[in-house]
1. Using C-alpha positions alone, give me the convex hull volume of region 259-394 per residue in cubic angstrom.
2. In whole Å, what are the extents of the chain along the principal axes defined by its C-alpha atoms, from largest to smallest?
3. Using a 7 Å offset from the Cα along the Cα-to-Cβ direction at both residue 111 and residue 165, what is the distance between the two label points in nm, to one decimal?
4. Working from the alpha-carbon coordinates of region 231-270, get Rg over Rh, Rh being the Kirkwood radius.
5. Roughly what would the spin-label model give for residue 14 and residue 268, points 7 Å off Cα along C-beta, in nm?
6. Assigning unit charges at the beta carbon (Lys, Arg +1; Asp, Glu -1) and nothing else, what dipole magnitude in debye, to the nearest 20, does the chain show about its Cα centre?
7. When the helix-only estimate is applied to the chain (DSSP H runs of n ≥ 4, each -39,500 (n - 2.57), divided by the residue count), what is the mean residue ellipticity at 222 nm, nearest 500 deg cm²/dmol?
8. Does anyone have the angle between helix 372-401 and the longest principal axis of the chain? Alpha-carbon axes, 0 to 90°, nearest 10?
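Here, each number is a calculation from the coordinates, and none is a lab measurement. Worth saying up front: this structure is predicted, and the values here are computed from it rather than measured. Positions of Cβ are backbone-derived with ideal geometry, glycine not excepted, and every protein chain shown enters the neighbour counts.
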Amino acid sequence: MKKTINDLAFLGGSPAFNEPLHVGRPNLGDREQLFKRINDMLDRKWLSNNGPYVREFEQRIADMMGVRNCIAMCNGTVALEIAIRSLELKGEVIVPSFTFVATAHALQWQEITPVFCDVHPQSHTIDPACIEKMITPRTTGIIGVHLWGRPCDIEPLEQIAASHNLKLLFDAAHAFSCSHKGRMIGSFGNAEVFSFHPTKFFNTGEGGAIVTNDDVLASKIRLMKNFGFSGYDNVVYIGTNGKMGEFSGLMGVTNLESLDEFVAVNHQNYKFYEEGLRGLEGLKLIKYDHAEKCNYQYVVLEVDEAVLPVTRDKLIEILRAENVLARRYFYPGCHRMEPYRSYFPHAGLVLPETERLAGRVLSLPTGTAVGQEEITTICQIIRLAVLNSHEASGALSKHAAG
Ligand code: T4K
């Protein structure tokens, strides 16, 4: 039987959805093409080590971004680690705390200290105005994160990096197929790093890439991701195994063919959320710059608890009861996770915006797994939760006054 909005779990009924709606369901390209390519790979018996699908994938990305080099990797985290190492970062690196923990771990893994910097309240990306006071003689670089696919404030970062002789790396895990001032993300800083994890709107199973216009750096990265091998029996560098396999490569080539469709679905979903949540005071859907290329892969709500009687966490609880598995990305901020909270117990004192945002944002399901019907229901649940909480708090204050 089809459920109605009056029949919700939080109103004493049953969940709005029978199956959980996740944030981060993978988008999948044409299966027939995928299977054709798998057969092709199997016939060829070439499964890894710079195979033809990985090379094709790299070339397509480089062309799409207008960058000289794309080096495909086994995942975004190893890509970050290799990018950091190839840029010879050491000592301290300035990085936002409001990001997925992999950004900080990629530094700490190599015994480089992540120095957490606050983010801008509007853009949620590293705030250039906070960086300069964090630079010390040990600082060697800055890592900006294009959070939610919205580009960092790139030009001021470039200026700060240039004037202090620091390397500038971008964690572009969220920003595949996005642009800044008409130029594709991927072509900024010394290098940029993508993630193609299944939770990203474009995926290769597991996967990632480093893109750079620096040919010397690219050669070094190619050595580093393949144990330092330069031809048979000749190791010229310390390296690791960061290679992307052929299966991921062919999945990437296949999913690239559906990239425009994935973006169009995300954009349409974003508009459905905009429509469904319009006029709800105290709830803000983060905005994208429609004049740029955006992937709209994250639908992020900011809950203003000063205006709303319902908290962010209560709203998540209500949504989860209806089988809408909203997420608190990127709660509680890296500085409140181990080992950082033990190393820097007072870091939060200089991260007021990070602390504020970590307590008020939630991500909602999007991508090809959901459509207008699901989103309309999700918005109705949110609307009802807000109205109910207003009524409850009104009744409470009347009670207190009377
Ligand atoms: N930098 C940034 C800024 C990042 O956001 C990330 C990754 C990285 C670097 C590192 O890139 P990778 O090394 O991962 O390539 C997820 C992802 O694991 C992570 O890739 C991603 N960021 C992060 C934002 O989200 P969780 O802890 O949310 O994953 P999990 O297992 O809870 O999955 C989320 C939801 O996705 C599940 O509820 C169900 C759905 N899902 C997931 C997978 C893997 C599926 O439906 N199918 C699947 O195959 O971290």
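1. Working: hull volume 19.6 nm³, N = 136.
Here the figure is 144 Å³ per residue.
2. Computed over the Cα atoms, the extents are 83, 55, 38 Å.
3. Calculated label separation equals 2.4 nm.
4. Numbers: Rg = 17.7 Å, Rh = 13.4 Å.
Here Rg/Rh amounts to 1.32.
5. If labels sit at residue 14 and residue 268, their model points lie 2.9 nm apart.
6. Values: 40 positive and 46 negative charges, 71 e Å.
So the dipole magnitude of the chain works out to roughly 340 debye.
7. Details: 13 runs with 151 residues, N = 402.
-11500 deg cm²/dmol, from helical runs alone.
8. It is inclined by approximately 50 degrees.
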